[in-house]
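Undergrad: The structure follows.
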Amino acid sequence: MWLLKSGRAPSGFCKPPARREPEHVSSFRRTIARTLTCALTLLDYSLSMAHPGGPERFLQIGEAAERAALTQRTLRYYEEKGLLNPPTRMDGGFRLYSPEDMERVDRIRQLKELLGFSLAEIKEMLEAEDVRLQIKAEWRRDAESGEKAEKARLGREVTLHQLALIEQKMEKMASLRETLAERVRKYDELLLRFAEAQEQAPATSGS
């Protein structure tokens with residue numbers, strides 16, 4: 001929910017009805033709808049005040065799964081395999097996924113669906129990325145040159161590891177592509193041979 005510059009919720013969001021609605025079914029439904037809208041508005045306002053950095057909020061596992069187009073079981077599986085950090089939990093034990101968690105889920109999907117990485121390869125890629133992000137978070141402009149050089153070497157090392165994983169995948173894909181391309185060439189040769197045989201067949205039968 002968006003806030004005014006003053007930090008207060010926009011006026012009029014939760015204003016009660018100006019007069020009492022007639023006591024019949026349609027009026028009752030409208031009243032319930034207004035009450036729910038007011039409650040949800042106040043809830044979003046409370047979450048925004050608790051996280052003043054922006055309108056981002058935590059998602060329960062059902063919402064997170066729907067947004068990521070995955071199943072709840074898949075999200076739990078990613079957590080079990082160490083691909084996804086254990087999310088924050090409510091008092092009742094319900095998982096809460098932060099915007100950072102959702103970005104990581106998107107990253108997992110990209111590596112899995114676009115590049116065809118296995119879960120083990122995805123874990124290696126993410127661990128290397130975590131190291132790089134940690135280096136970035138701990139970087140100090142006023143640090144000694146030796147400290148900066150050490151962090152730069154570590155960043156280069158983990159990036160080279162990521163590059164090696166991608167190159168291995170590309171080599172396998174290139175090999176598979178060549179195998180399939182050779183298979184297509186053989187089919188083309190067969191089709192050409194069959195086409196020539198069909199052209200010669202009428203001439204032979206006519207003679």
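Undergrad: Only one of (1) modelled with pLDDT of 90 or more; (2) outside the structural domain of Asn85 (by TED's automatic domain parsing) fails for Ile108. Which number is that?
TA: (2)
Undergrad: Return yes when Arg156 is assigned by TED's automatic domain parsing to the domain that holds Leu75, surrounded by 10 or more Cβ atoms within 10 Å (Cβ to Cβ) and assigned to a helix (DSSP H, G or I) and no when it is not. Quick ask: steps written out before the conclusion?
TA: Values: assigned by TED's automatic domain parsing to the domain that holds Leu75: no; surrounded by 10 or more Cβ atoms within 10 Å (Cβ to Cβ): yes; assigned to a helix (DSSP H, G or I): yes.
No: the conditions fail for Arg156.
Undergrad: Would you please list the contacts, defined by Cβ atoms under 8 Å and residues six or more apart or on different chains, that run from a residue in the stretch 121-148 that is at pLDDT 90 or above to a residue that is charged (D, E, K, R) and in a loop (DSSP other than H, G, I, E, B)?
TA: Lys123/Lys81; Glu147/Arg140
Undergrad: Please list, ordered by first then second residue, the pairs with beta carbon atoms under 7 Å, 6 or more apart or interchain, first in the stretch 159-172 and more than 15 Å from Val131 (Cβ to Cβ), second surrounded by 14 or more Cβ atoms within 10 Å (Cβ to Cβ).
TA: That search, which allows pairs on different chains as well, returns Lys169/Leu115; Lys169/Phe117.
Undergrad: If a residue must be farther than 30 Å from Gln60 by Cβ and touching a Ser or Thr at 6+ places or on another chain (Cβ under 9 Å), how many such residues does the stretch 102-127 contain?
TA: Qualifying residue count, the stretch 102-127: 0.
Undergrad: Within the stretch 83-100, does at least one residue satisfy the condition of being touching a helix residue (DSSP H, G or I) at 6+ places or on another chain (Cβ under 9 Å), within 30 Å of Met173 (Cβ to Cβ) and among the basic types (Lys, Arg)?
TA: No, because not a single residue in the stretch 83-100 is touching a helix residue (DSSP H, G or I) at 6+ places or on another chain (Cβ under 9 Å), within 30 Å of Met173 (Cβ to Cβ) and among the basic types (Lys, Arg).
The values are calculated or read from the model by the stated rules, or taken from the named source; none is laboratory data. Note that the coordinates shown come from a computational prediction; the quantities given were computed from them, not determined experimentally. Cβ atoms come from the backbone with ideal geometry, glycine included; neighbour counts cover every protein chain shown.
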